[in-house]
Amino acid sequence: MHWRKDGSCFPVEYWSHPIYRNGELVGAVVNFIDISERKRTEEALRESEARYRAMAEQSADWVWSIDVEGRHLYTNQRGAAILGYTAEEFLAADALKLVHPEDLPLFHETLRAALATRQGWQSVVLRWRHRNGSYRILESNATPLFGEGGQLTGFQGVDRDITERKLAEERIQFLAHHDALTGLPNRILLRDRFEHAREMARQSKSRLAILFLDLDNFKVVNDTLGHAAGDQLLLDVVERLSRCTRSGDTISRQGGDEFIILLNEVPDLETVENIAGEILAAMSEPMEIDGRYLNTSCSIGISICPEDGDDFDSLLQKADTAMYNAKDSGRNACRFFNEAMNLQAHEHLLLQNRLFQAMVEEDFQLHYQPQIHAGSGRVVGIEALLRWNNPELGEVEPSRFIPVAEESGLIVPIGSWVMVEACTQAQAWRKAGFADIGISVNLSALQFRRTNLIESVAGALNRSGLPPHLLELELTESILLQDAENNLETVRRLKSLGVRLSIDDFGTGYSSFSYLKRFAVDRLKIDQSFVRDITSDPDDAAIVRAIILLARSLRLGIVAEGVETLEQLDFLRAEGCEEVQGFLFARPLPAAELEAYLHEHNK
Ligand code: C2E
Ligand code: MG
Ligand code: MG
């Protein structure tokens, strides 16, 4: 402080500079500066800061300042209290530890951008951990702080606690997309899920199914037992529905007693039918409401995407129509929208029931088709083909019933029967003097996967006495490609029994040459679809030529299936395929007729 002449005083800042002469201090230059102006500004600043803090302490929001590292320099008591601390505790702690770990990147990015642009930020939402472990949601706004030299020294700002608002928003969102009673998605959310599922199904080339479900007697329950009982029944229904569906499926309530179920990634109609069947069964079990047992049932209409369309509203409409058909047909039933699908599903069930009967009653026959050596006209092999003549359905084609037998697993016992029957018959012909004619038996993939295949084959050979090298098993390419390691082991065990293996319908699968060697295949059967157009379609001709060459180079036997004309025969012989099978020589024949054929051609 220095005094003026008039007695007033003012602040002075001085600096001095020593003066040396020949290394000796001889004096100093001293500078005095009147800094009263600067002091006034500083005072004003202090006052304004005090005012700011006083205001901050009144605020309902969190008022704070931080340095450029993000460390808190100041917080109002209110702000610390939002997180359950006093201001002193908060400043002493490492505040960054309180930011939700998932939000830390946003925090750092915000600070980085603010430092780079020398600007603050607006409405950045971060979650902070409260002392009690819960999280508060805070919306942050900030402005930059500069030092005297204009350098950025930090930020100050205000955070607003928006936790309650966010929760309310989420609740509103939930209510807008869900049914209040059951908490299930409503139609708006279902539509959303559908759009998403449709994209997934497009990529995986699978289907979606929409099941429209309506309770058959809900109105009666509601009217006689009251709404509370009705609500309880609906909750019970939801429980049952979720037991019948898979985790990725969506169950949605459409108000009243209507539910819509979206099935994702549906491989085939049978899957849909099975799920619908389970729902019908689950619903028809009595429900206990207020100590009473109520008998319930429902009707289900089904539409399939993409077969019935691929837009949500029209699929819903179609499922709804199908649901009314189900109700008309006497309730407690399900119906596809598409009539052909109803027939298909119906036939599937019918065939499955009748097949089961046929298996129990051994109601099958085998027919036998000879394989001919083209040069000599002699029979060199015989393929056993399954026949089923049902009193009610008539003669059913293998292409119709074998897929059903495969899906239901019935092909395993049926296949065992075929094996025994074919081996026994072949042995009988052998005994009758046709010594070296092999018998071919078709195998399906399912038989291959069941471990008792080896026992079944060994058993049939034992019972019949047929030498193993006269039994040929026809596999499809798909058997060898699926689950190759397990199947390789099964093939090894089959080969160790001494039986022969052929690939049926060769060329229609992946025709991967590597497995032919790995699985030690003996013979290829050229699929009839190539043989059919061999003389008119150059592509088919080229494929057949290539298969013959391949078989030769791998020293495999080769037989052409489905030979119907002399032209086809000539082509095959010219290319070097001598063994042929087809209507040109004989259709599949009952055992007695084939025996007559043998007498005629293999004298
Ligand atoms: P596959 O093993 O390829 O049998 C050949 C099919 O072609 C037979 O049909 C036969 O009747 C037919 N075929 C033979 N020559 C000609 C011809 O010149 N022209 C035409 N258009 N067709 C001819 P089928 O008997 O209806 O059997 C169809 C399929 O059912 C068989 O195809 C086989 O995959 C399966 N299958 C038949 N029996 C059995 C069996 O016992 N077990 C298993 N798992 N599948 C069987
Ligand atoms: Mg075959
Ligand atoms: Mg075939």
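The values are calculated or read from the model by the stated rules, or taken from the named source; none is laboratory data. Every value quoted in this text rests on a predicted model; they were computed, and no experiment measured them. No Cβ is skipped: glycine too gets one built from the backbone with ideal geometry, and neighbour counts run over all protein chains shown. The area values use the complete protein model at the heavy-atom level, side chains included, leaving out ligands, DNA and RNA. Shrake-Rupley method; radii C 1.70, N 1.55, O 1.52, S 1.80 Å.
Does Met359 meet the test of being in contact (Cβ under 8 Å) with a residue 24 or more places away in the chain, over 18 Å from Ile260 (Cβ atoms), open to solvent by 20 Å² or more (accessible area, probe 1.4 Å) and out of contact with any Asp or Glu (no Cβ under 6 Å at 6 or more places or on another chain)?
Numbers: in contact (Cβ under 8 Å) with a residue 24 or more places away in the chain: yes; over 18 Å from Ile260 (Cβ atoms): yes; open to solvent by 20 Å² or more (accessible area, probe 1.4 Å): yes; out of contact with any Asp or Glu (no Cβ under 6 Å at 6 or more places or on another chain): yes.
So Met359 passes the test.
I need the helices (runs of 4 or more DSSP H) fully contained in segment 1-111, keeping only those with at least 2 residues that are open to solvent by 80 Å² or more (accessible area, probe 1.4 Å).
Working: elements: 36-58, 77-82, 87-92.
Answer list for segment 1-111: 36-58, 87-92.
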### Query
Within segment 520-527, is even one residue away from ligand 2 (no atom under 16 Å from the Cβ), farther than 18 Å from Ile454 by Cβ, assigned by TED's automatic domain parsing to the domain that holds Ile437 and open to solvent by less than 30 Å² (accessible area, probe 1.4 Å)?
no
### Query
Does segment 369-381 include one or more residues that are in contact with a helix residue (DSSP H, G or I) (Cβ under 8 Å, 6 or more places away or on another chain), without any contact (Cβ under 8 Å) to a residue 60 or more places away in the chain and either closer than 19 Å to Leu475 by Cα or buried (at least 17 other Cβ atoms within 10 Å of the Cβ) (or both)?
no
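Residue by residue, here is whether (1) without any contact (Cβ under 8 Å) to a residue 60 or more places away in the chain; (2) buried (at least 18 other Cβ atoms within 10 Å of the Cβ); (3) not assigned by TED's automatic domain parsing to the domain that holds Ile382 holds:
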residue: Val559; (1), (2), (3): no, yes, no
residue: Thr565; (1), (2), (3): yes, no, no
residue: Leu569; (1), (2), (3): no, yes, no
residue: Leu572; (1), (2), (3): no, yes, no
residue: Gly582; (1), (2), (3): yes, yes, no
residue: Phe585; (1), (2), (3): no, yes, no
residue: Pro588; (1), (2), (3): no, yes, no
residue: Glu593; (1), (2), (3): yes, no, no
### Scope segment 540-594; condition within 44 Å of the chain's Cα centre (by Cα), among the basic types (Lys, Arg) and either modelled with pLDDT of 95 or more or within 28 Å of Ala432 (Cα to Cα) (or both); matching residues
none
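Going through segment 175-205 one residue at a time, which ones are polar (S, T, N, Q) and over 19 Å from Ser314 (Cα atoms)?
First, the residues of segment 175-205 that are polar (S, T, N, Q): 182, 186, 203-204.
Within segment 175-205, Thr182, Gln203, Ser204 qualify.
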### Query
Pick from Val457, Val531: which is closer than 23 Å to Pro398 by Cβ, more than 14 Å from ligand 2 (Cβ to nearest atom) and in contact (Cβ under 8 Å) with a residue 40 or more places away in the chain?
Val457
### Query
Looking at segment 121-156, which of the residues that are more than 28 Å from Ala168 (Cβ to Cβ) and not in a strand (DSSP E or B) is modelled with the lowest pLDDT?
Glu148
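Identify, please: which residue in segment 492-533 is of a type in the set (Gly, Ala, Ser) and part of a helix (DSSP H, G or I) and is, among those, farthest from ligand 3 (Cβ to nearest atom)? First the steps, then the outcome.
Quick first cut of segment 492-533, residues of a type in the set (Gly, Ala, Ser) only: 496, 498, 502, 507, 509, 511-512, 514, 520, 529.
Among the residues that remain, those that are also part of a helix (DSSP H, G or I) are: 496, 514, 529.
Details: Ser496: 26, Ser514: 22, Ser529: 9 Å.
By that ranking, first place goes to Ser496.
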### Residue tally, condition closer than 17 Å to Ile275 by Cα, open to solvent by 20 Å² or more (accessible area, probe 1.4 Å) and either small (Gly, Ala, Ser) or not in a helix (DSSP H, G or I) (or both), over segment 193-244
3
### Query
Out of all the residues in segment 312-344, which are open to solvent by 70 Å² or more (accessible area, probe 1.4 Å), of a type in the set (D, E, K, R) and within 26 Å of the chain's Cα centre (by Cα)?
Asp313, Arg335
### Message
I want to confirm something. Restricting to segment 467-476 and keeping residues that are touching a helix residue (DSSP H, G or I) at 6+ places or on another chain (Cβ under 7 Å) and assigned to a helix (DSSP H, G or I), which single residue is farthest from Leu524 (Cα to Cα)?
### Response
Pro468
## Note on the structure
Taking segment 544-570 and keeping residues within 15 Å of ligand 1 (Cβ to nearest atom) and not in a helix (DSSP H, G or I) leaves Ile558, Val559, Ala560, Glu561, Gly562, Val563, Glu564, Thr565
### Task
Pull up segment 408-466, narrow it to residues that are among the acidic types (Asp, Glu) and in a helix (DSSP H, G or I), then point me to the one that is farthest from Glu477 (Cα to Cα).
Glu421
## Note on the structure
Quick count over segment 534-543, residues being in a loop (DSSP other than H, G, I, E, B) and without any contact (Cβ under 8 Å) to a residue 24 or more places away in the chain, is 2
### Message
Just checking, does segment 149-159 include any residue being under 30 Å from Ala229 (Cβ atoms), surrounded by 11 or more Cβ atoms within 10 Å (Cβ to Cβ) and among the β-branched types (Val, Ile, Thr)?
### Response
no
### Message
Pairs please, first residue from segment 397-416 and in the same structural domain as Ala358 (by TED's automatic domain parsing), second anywhere and part of a helix (DSSP H, G or I) and small (Gly, Ala, Ser), Cβ atoms under 6 Å, 6+ apart in sequence or on different chains.
### Response
Ile411/Ala405; Ile414/Ala405; Ser416/Ser456
